[in-house]
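Throughout, read-outs are computed from the coordinates displayed, never taken from laboratory work. Since the structure is predicted, the reported quantities are computational estimates derived from the model, not experimental observations. Positions of Cβ are backbone-derived with ideal geometry, glycine not excepted, and every protein chain shown enters the neighbour counts.
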Amino acid sequence: MKQRVGSVSIAVAARSWTQRFAFVLLILLSFGIMLVGKADTVVVSRARTLLIDLIAPVMDAASRPIASAKEAASTVQELVALKQENARLAEENKTLLEWQSIGRELQSQNAALRDILKFTPDPRASYVTAPVIADTSSSYVRSLIVLAGQNDGVVKGQAAITGAGLVGRVLEVGRRASRVLLLTDISARVPVVIERTRDQAVLAGNNSDNPELQYLPRDVDIKVGDRIVTSGVGGNFPVGLPVGEVARLADGHILVQLYAQLDRMEYLRLVDYSLPGILMQDLGIDTSKAAGVTSPGLGKLPRAQ
Amino acid sequence: MALRPTVGQQIDLALRRSIPVALAVLLLFLGILPWNTHGLGPMNANLVLIPIYYWTLYRPRLMTVWAVAALGLISDFLMGTLLGVNMLTFLVGYRVAVSQRKIFAGAPFIIVWAGFLLMSGVAGLVQWLLATIVKEQIDFNLRPALFLYMIGAVAYPPCAYAFAWIQRRSLFRVA
């Protein structure tokens with residue numbers, strides 16, 4: 001009996017030691033994986049995109065009931081506010097019709113001026129409309145997964161936009177799905193320009209809802225409400241893509257309210273502007289080939305010239 | 001002489017034993033669904049810390065250190081964080097739960113809940129430290145982290161209730 005108790009206690013002690021050894025081993029392994037991951041090797045990148053591809057169908061199926069529930073809720077809301085909404089839309093329609101006539105006038109004027117200047121138009125953009133199937137944002141990372149990948153013509157570095165404005169850029173591309181890094185992520189940097197003053201700056205994410213403007217000249221005349229658009233520097237995004245407006249100036253920080261509502265995105269448009277950006281050159285991608293990519297997406301539209 | 005379990009019984013046992021880890025994976029996926037919580041920020045709390053804590057307390061053999069490491073690694077791949085960050089965070093959280101198991105396992109619910117708050121707080125701190133080191137800049141904006149901490153705190157009681165029910169129903173005789 002005594003011998004049996006002794007053997008049991010030895011087994012328990014051995015198990016405890018094994019557990020502790022495994023714990024220390026796994027802690028060391030996690031540090032090792034961090035070092036390998038920091039080097040951003042091809043293997044790690046492949047593994048990431050492979051997993052995104054694997055979970056894409058599951059997440060797509062799982063996110064549909066949520067999308068339906070949200071749609072039902074918004075339908076109810078719309079029905080409640082139908083009369084007010086109708087009046088607002090009638091007013092908006094009036095304004096838009098005025099803008100339409102101005103737009104047509106400018107378009108013909110623009111065409112005539114381009115003809116005179118022998119102007120070469122920007123390359124045409126193609127769009128892939130993709131549903132958001134996962135929100136992988138956490139305290140220190142802001143990203144999404146969308147259901148469109150290499151098969152749909154998505155390329156790393158493309159701009160992700162909503163109807164309202166820029167949202168982020170494509171970070172990883174799988175065959176069926178891609179990860180989009182949001183503008184609010186702490187590592188996101190986008191060259192922008194203040195539309196009114198034409199001062200260039202960099203929009204830097206800070207993991208809050210309001211990214212901030214950096215590298216502005218000291219004597220810049222900036223006001224709350226100033227529109228911020230992309231400057232096109234670096235060639236990743238075209239010039240003049242709406243980003244947001246100055247929300248507040250606090251302790252030397254200029255915070256921006258994005259036009260796109262990052263917490264209400266169901267679909268994103270991934271845009272191939274066919275620009276030979278620095279991202280593609282850094283990756284060693286032949287930009288002349290990338291420029292020829294045409295995407296068979298749902299909403300393939302030419303950019304308005 | 002003890003009877004050898006049939007193949008069916010062995011499969012049944014293996015499936016039952018995998019319930020705690022499967023629940024953790026389920027919560028991991030639920031956390032990244034596009035909930036689009038207006039004005040509340042990211043919903044993806046470290047919800048997976050809840051099953052890790054609960055099962056470490058009540059069924060430690062079914063939530064092993066290896067399973068916790070694997071959950072962390074899957075989370076890293078899914079979230080796009082630097083590989084190893086969530087793995088290390090979950091392992092530290094697991095270690096806190098293991099070290100306090102004797103105190104919390106038989107304690108009243110409120111104490112167990114406080115234990116979870118302690119564990120997820122330590123895990124959150126580790127996550128913040130790692131994010132600071134990895135990004136090479138100190139992130140003073142702790143609002144999202146605090147929000148996620150609160151989400152975890154609020155989500156613990158219903159999750160624990162559901163796990164206790166599953167434990168009674170399916171893991172009663174499983175060691």
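The protection proxy used here, the mean number of other Cβ atoms lying within 10 Å of each residue, ranks peptides A:153-160, A:224-231 as follows, highest first: A:153-160, A:224-231.
Mean partner shielding of peptide B:82-94, defined as the number of other chain Cβ atoms within 10 Å of each residue Cβ, is 5. In a reduced charge model with +1 at each Lys and Arg Cβ and -1 at each Asp and Glu Cβ, the protein assembly as shown shows a dipole moment near 2460 debye about its Cα centre.
Each Lys and Arg contributes +1 and each Asp and Glu -1, all at the Cβ; summed about the Cα centre of region A:31-183, the dipole is approximately 500 debye. Axis of helix B:49-58 versus longest Cα principal axis of chain B: the two differ by about 30°, to the nearest ten degrees. Computed from the C-beta positions of residue B:61 and residue B:129, the FRET efficiency with R₀ = 35 Å rounds to 0.70. Taking a ≥ b ≥ c as the square roots of the eigenvalues of the Cα gyration tensor, chain B is classed as prolate, since a/c reaches at least 1.5 and a/b is larger than b/c. Hey, for a label at residue A:220 modelled as a point 7 Å past Cα toward Cβ, could you say which residues of region A:175-204 have their backbone N under 20 Å away? Label zone hits: A:183-204.
Evaluated at q = 0.07, 0.11, 0.14 Å⁻¹, the base-10 log of the normalised Debye intensity for the protein assembly as shown, with identical point scatterers placed on the Cα atoms, takes the values -0.46, -1.00, -1.46. Counted by neighbouring Cβ atoms within 10 Å, the residues B:113, B:165 run from fewest to most as B:165, B:113. Computing FRET efficiency as 1/(1 + (r/R0)^6) for residue A:90 and residue A:189, where r is the C-beta to C-beta distance and R0 is 51 Å, gives about 0.75. Taking 7 Å steps out from each Cα toward its Cβ at residue A:82 and residue B:103 produces label points 6.0 nm apart. In this simple spin-label model, placing a label point 7 Å from the Cα along the Cα-to-Cβ direction at both residue B:13 and residue A:16 gives a separation of 2.6 nm. Its Cα centre serving as origin, chain B has a Cβ charge dipole (Lys and Arg +1, Asp and Glu -1) of approximately 780 debye. Excluding same-chain neighbours fewer than eight residues apart, the aspartates and glutamates reachable from residue A:70 by a Cα-Cα span under 14 Å are A:78, A:263, A:266.
Between residue B:169 and residue A:60, the modelled labels are 3.1 nm apart [label points 7 Å from Cα along Cα→Cβ]. From the Cα gyration tensor of region A:1-121, with a ≥ b ≥ c the square roots of its eigenvalues, which class applies: rounded if a/c is under 1.5, or else prolate if a/b is larger than b/c, or else oblate? Oblate, since a/c reaches 1.5 and b/c is not below a/b. Largest GNM mean-square fluctuation across B:15, B:88, B:73, computed for chain B with C-alpha springs under 10 Å, falls on B:15. May I ask which residue of B:26, B:88, B:161 lies farthest towards the positive end of the charge dipole of chain B, with charges of +1 (Lys, Arg) and -1 (Asp, Glu) on Cβ and the Cα centre as origin? Value computed over the given set: B:161.
Above 16 angstrom, tally the Cα pairs of region A:177-231 and express them as a % of all pairs, no decimals. Beyond 16 Å sits 44 percent of the P(r) for region A:177-231. Hey, if you put +1 on the Cβ of every Lys and Arg and -1 on every Asp and Glu Cβ in chain B, which of B:51, B:105, B:142 ends up farthest toward the positive end of that dipole? The residue sitting farthest along the positive end of the dipole is B:105.
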